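Data block below; observations after.
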């Protein structure tokens with residue numbers, strides 16, 4: 001196994017016991033991203049549309065920190081507090097992953113940190 005590298009991405013873990021972005025053996029693992037504004041470090045408490053856009057912006061920033069882009073993503077997992085938001089999320093997600101989209105799961109959960117509506121994690125492959 002090659003050495004593990006970690007990156008902060010746009011939203012650092014702020015003392016929490018996890019790494020936002022980890023790279024090992026050519027794979028990049030992005031911890032769950034939520035709709036936190038990277039500048040103010042506050043939650044975007046808008047509707048699912050606003051929260052999804054911010055969450056995806058954070059995901060793209062985390063990918064960029066590891067030298068990756070959306071085209072390098074192999075798999076995402078979307079956590080929703082209301083599966084009824086699936087259609088809206090799917091439309092916005094398709095704007096980011098419009099060509100050759102990754103494998104994906106979407107599940108409803110009882111709650112997410114800071115009472116946000118969405119969280120997205122990803123696995124990518126480091127480009128050559």
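The values are calculated or read from the model by the stated rules, or taken from the named source; none is laboratory data. From a predicted model like this one, the values you see are computed outputs, not experimental measurements. FYI the Cβ positions are ideal-geometry reconstructions off the backbone, even for glycines, and counts take in every protein chain you see.
Of the residues that make up region 45-58, is at least one within 14 Å of the chain's Cα centre (by Cα) and either surrounded by fewer than 20 Cβ atoms within 10 Å (Cβ to Cβ) or assigned to a loop (DSSP other than H, G, I, E, B) (or both)? Scanning region 45-58 turns up at least one residue that is within 14 Å of the chain's Cα centre (by Cα) and either surrounded by fewer than 20 Cβ atoms within 10 Å (Cβ to Cβ) or assigned to a loop (DSSP other than H, G, I, E, B) (or both).
Scanning region 109-121 for residues that are more than 20 Å from residue 27 (Cα to Cα) and part of a strand (DSSP E or B) yields a count of 2. Within the set 106, 124, the sole residue that is in contact with a strand residue (DSSP E or B) (Cβ under 9 Å, 6 or more places away or on another chain), buried (at least 18 other Cβ atoms within 10 Å of the Cβ), at pLDDT 95 or above and not in a loop (DSSP other than H, G, I, E, B) turns out to be 124.
When 37, 72 are checked against the criterion of being more than 10 Å from the chain's Cα centre (by Cα), under 23 Å from residue 6 (Cβ atoms) and free of Cβ contacts under 8 Å to residues at least 24 places away in the same chain, 37 stands alone in meeting it. Exactly one residue out of 94, 84 is over 15 Å from residue 56 (Cα atoms), without any contact (Cβ under 8 Å) to a residue 12 or more places away in the chain and not in a strand (DSSP E or B), and it is 84.
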